[in-house]
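Please treat every number below as a calculation from the coordinates, not as lab data. Because the structure is a prediction, the values reported are computed rather than measured. Every residue, glycine among them, receives a Cβ derived from its backbone with ideal geometry; neighbour counts consider all protein chains shown.
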Amino acid sequence: MDAGRYRGLTSILPRYKGNIEMELFLGQQNLVLLEGLKSALLGGAGLSTATTTVALVTLSGTTLANATLAYVSGTVGRYEGTLPVVSSLVEGTEYLAHIKVLSAATTVAFWKFRATAIERRE
């Protein structure tokens, strides 16, 4: 696993599942993907109408950026969004990404994971 990437999250609420992919690169926008968002309450069906957001937060709790993830038409629960450039990121520093999924104004899934800022070397 790359230092700035995290995959394969399950919600703190076991009825919702999804996989997150995000690389946290310095000096650029960063794509956030939530794939396979499914609900056991709906028989494992993919969700296509949820409101999904991501917040990039320091370990001390300061929010650095927010973005909304949009549903990708024709997929099974795939949402994509782009975090704006955050000029204050420091290489090698860990940050938290908070992913929140709302359905009918109720939080149905919430993930919090660590991502390390890295210089893009590709």
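Observations, loosely collected:
- For segment 26-38, putting each phi into the Karplus relation 6.51 cos²θ - 1.76 cosθ + 1.60 with θ = phi - 60° gives couplings of 6, x, 8, 5, 10, 6, 10, 10, 10, 10, x, 5, 10 Hz, in residue order, rounded to whole numbers and with x for Gly and Pro.
- Backbone HN-Hα couplings from phi across segment 82-90 [Karplus 6.51/-1.76/1.60, Hz, Gly and Pro as x]: 10, 6, x, 4, 10, 5, 8, 5, 10
- Peptides 74-81, 85-92 ranked from most to least packed by the mean count of surrounding Cβ atoms within 10 Å: 74-81, 85-92.
- Note on A40 and V85: with the Förster distance fixed at 41 Å, the Cβ-Cβ geometry gives a FRET efficiency of about 0.65.
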